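The structure appears right after this line, and notes come after that.
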Amino acid sequence: MAPGGQATPRKLPRGGAALDPQSVERVHRERLQAAVVELIAKQGYAATTVEDLTSAAGISTTGFYALYRNKREGVVDTWDALLAELEGELAAAAQRAQASSDTTPAGLRAQLGEVIGALCAAAVRRPAAG
């Protein structure tokens, strides 16, 4: 079991069923980003090691260093990915809100509620990222 009681991620297929290098990189990056969010929320940045991250992500240390030069770079990449995801969700919510032609106070409150609702939904999906 990985930290947090979650099962260790399955190994990627090898041989004829192997994934292309770009898919392997994407899967490794996603696993590491999930581990960064989980472990830093639980242990803090200073107490989290590269070995902790790779163990939780189910990848090798070599795999980590193929993606990142150091822990800081991995954390910054994770933060950037989280911000990009949130930005996309907020932009979509804002676009839905702007589609409303209701400019009454109640309509504007509803539009603001749409954007705030998207922010809250993102926080519920990834509480450790906050």
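Tell me which of these R29 doesn't satisfy, since it passes every other one: (1) within 29 Å of A121 (Cβ to Cβ); (2) without any contact (Cβ under 8 Å) to a residue 40 or more places away in the chain.
Result: R29 fails condition (2) only.
Tell me, yes or no, whether segment 54-71 has at least one residue that is over 14 Å from R29 (Cα atoms) and assigned to a helix (DSSP H, G or I).
Within segment 54-71 (the criterion being over 14 Å from R29 (Cα atoms) and assigned to a helix (DSSP H, G or I)), the answer is no, since none of the residues qualifies.
Six or more apart or on different chains, Cβ under 8 Å: which pairs go from a residue in segment 69-95 that's open to solvent by 50 Å² or more (accessible area, probe 1.4 Å) to one that's at pLDDT 95 or above and not polar (S, T, N, Q)? Could you list them?
Between residues of segment 69-95 that are open to solvent by 50 Å² or more (accessible area, probe 1.4 Å) and residues that are at pLDDT 95 or above and not polar (S, T, N, Q), the close pairs are N70/V50.
I'm trying to understand the selection: among the residues of segment 36-46, which are surrounded by 13 or more Cβ atoms within 10 Å (Cβ to Cβ) and touching a residue at least 24 places away in the same chain (Cβ under 8 Å)?
The answer is V36, V37, E38, L39, I40, A41, K42.
For the structure I just gave you, tell me whether S100 is at pLDDT below 90, surrounded by fewer than 17 Cβ atoms within 10 Å (Cβ to Cβ), out of contact with any Asp or Glu (no Cβ under 9 Å at 6 or more places or on another chain) and among the small types (G, A, S).
No, not satisfied.
The values are calculated or read from the model by the stated rules, or taken from the named source; none is laboratory data. Predicted model only: the values in this text are computed from it and were never measured. FYI the Cβ positions are ideal-geometry reconstructions off the backbone, even for glycines, and counts take in every protein chain you see. Accessible surface areas use protein heavy atoms only, side chains included; no ligands, DNA or RNA. Shrake-Rupley method; radii C 1.70, N 1.55, O 1.52, S 1.80 Å.
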